[in-house]
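See structure below.
The values are calculated or read from the model by the stated rules, or taken from the named source; none is laboratory data. It should be emphasised that the depicted structure is a prediction, and the values quoted were computed from it without experimental measurement. With ideal geometry, Cβ positions are generated from the backbone for all residues, glycine too; neighbour counts draw on all protein chains shown. SASA here: full protein model, heavy atoms, side chains in, ligands and nucleic acids out. Shrake-Rupley method; radii C 1.70, N 1.55, O 1.52, S 1.80 Å.
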Amino acid sequence: MKHSIFPMFLVLLFAVSAPLQAASEVNVYSARIEALIKPLLNRFTEETGIRVNLVTGSADALLQRLIREGRNTPADLFLTTDAGRLIRAKEAGMLQTIASERLDEVIPAHYRDDEGMWYGLSMRARFLVYAPDRVDVSGLESYADLADPKWRNKICVRSSDNVYNQSLTAALLAHQGEQVTESWARGLVANFARRPSGGDRDQITATAVGQCDIAMVNTYYLAMMLAGSDANQREMAEKLQVLWPDQEGNGTHVNISGAGVVHTARNRDAAVQLLEFLVSDESQRWYAETNHEYPIKEGIALSPVLESWGEFTADQLPLHLLGKHNADAVRLMDRAGWQ
Ligand code: FE
């Protein structure tokens, strides 16, 4: 009798390890830089035994690669930091519908695809920063106000080939139509302090050093400068204050980082499992604390910097509409002279 315990133990061990072997890896194409996703993926492997093979690159390059590789692609999951790219991947036939009660329960409907092809995992808002010692922002309450001639030569924004600006313009198009949005874009361009150059951090820096007084940027860039280890960047960021546009109107424009399962995924179940892990409390806390993004899941604590900016009303526009309006937004920005 004594000896039978040992074989029984082995049988149990096999029973437990079998499902892990069935899906032992998942291949991720990620437009999110390695440092901002790898620690989470490592935790996933620790918890599930599923190995994650990560390929990082720019969203456009990875999408082109997916298309080129076609049915031979090893990718199971495509991860980006903007809804626009996920929508492009869907339109190119690169994603598949999945059904997950867990994802549908945690992620509000307007932050996921209406056909289950992609899901938002974290949120970022496009808000305003300004130099309070140089500009009095009374009267500046909305994106529309940025077109007021009052702000001539005061505004810094990155170029229109950037998808964040395209998504914002697409959202405005969805809300207010072409005419209003085009005259807004013309007014905004007329108020540029300089020809658009650099990324969002550069707009923040330009505002801090006085090249402009107001800039439109994604929340996490300012948060990372404020909470980061670079004293120079912190000092710049600390000179600025933040303003949430459209609090009386549609709400501040938000975008998502998110992911979708690739159409040919060989490790589909593991990919879904990874998506579900990314909306767990643990992952959502990590997004908030480390990336300074807003959790997609309710009830998760924010980072102290985000906390200090207070609550804001976010635009509830279903993000799949950004894809519908993207091409029109790009043409409109072009006509308005937004370089
Ligand atoms: Fe970014």
- Go through the residues of the range 257-264 one by one and say whether even a single one is open to solvent by 10 Å² or more (accessible area, probe 1.4 Å), outside the structural domain of GLN203 (by TED's automatic domain parsing) and not in a helix (DSSP H, G or I). yes
- Return a yes/no flag: does the range 278-286 have any residue that is open to solvent by less than 30 Å² (accessible area, probe 1.4 Å), at pLDDT 95 or above and either within 16 Å of the ligand (Cβ to nearest atom) or among the aromatic types (Phe, Trp, Tyr) (or both). no
- Task: Go through ASP202, ASP269 for me and flag whichever is open to solvent by 50 Å² or more (accessible area, probe 1.4 Å) and either within 16 Å of the ligand (Cβ to nearest atom) or free of Cβ contacts under 8 Å to residues at least 40 places away in the same chain (or both).
- Result: ASP202
- Note on the structure: If we ask which residues in the range 93-118 are over 22 Å from ARG266 (Cβ atoms), open to solvent by less than 20 Å² (accessible area, probe 1.4 Å) and free of Cβ contacts under 8 Å to residues at least 60 places away in the same chain, their number turns out to be 0
- Flagged pairs (Cβ under 8 angstrom, 6 or more apart or on separate chains; first in the range 16-36, at pLDDT 50 or above; second surrounded by fewer than 13 Cβ atoms within 10 Å (Cβ to Cβ)) are ALA31/SER58
- Does the range 209-228 hold any residues that are open to solvent by less than 10 Å² (accessible area, probe 1.4 Å) and in a helix (DSSP H, G or I), and which are they? THR219, LEU222, ALA223, MET225
- Could you tell me whether the range 157-180 includes any residue that is among the small types (Gly, Ala, Ser) and within 15 Å of LEU240 (Cβ to Cβ)? no
- When residues of the range 60-89 are filtered for being open to solvent by 10 Å² or more (accessible area, probe 1.4 Å) and closer than 12 Å to ALA259 by Cβ, how many remain? 2
- Item | Which listed residue, of LEU62, LEU54, is more than 16 Å from the ligand (Cβ to nearest atom) and over 30 Å from PHE312 (Cα atoms) | LEU54
- Is at least one residue of the range 206-220 farther than 20 Å from THR169 by Cβ, within 15 Å of the ligand (Cβ to nearest atom) and without any contact (Cβ under 8 Å) to a residue 60 or more places away in the chain? no
- Task: Taking only the range 241-256 into account, find how many residues are surrounded by fewer than 23 Cβ atoms within 10 Å (Cβ to Cβ) and either farther than 30 Å from PHE277 by Cβ or among the small types (Gly, Ala, Ser) (or both).
- Result: 10
- Considering the range 122-158, residues that are polar (S, T, N, Q) and open to solvent by 20 Å² or more (accessible area, probe 1.4 Å), and then whichever is nearest to the chain's Cα centre (by Cα), we arrive at SER142
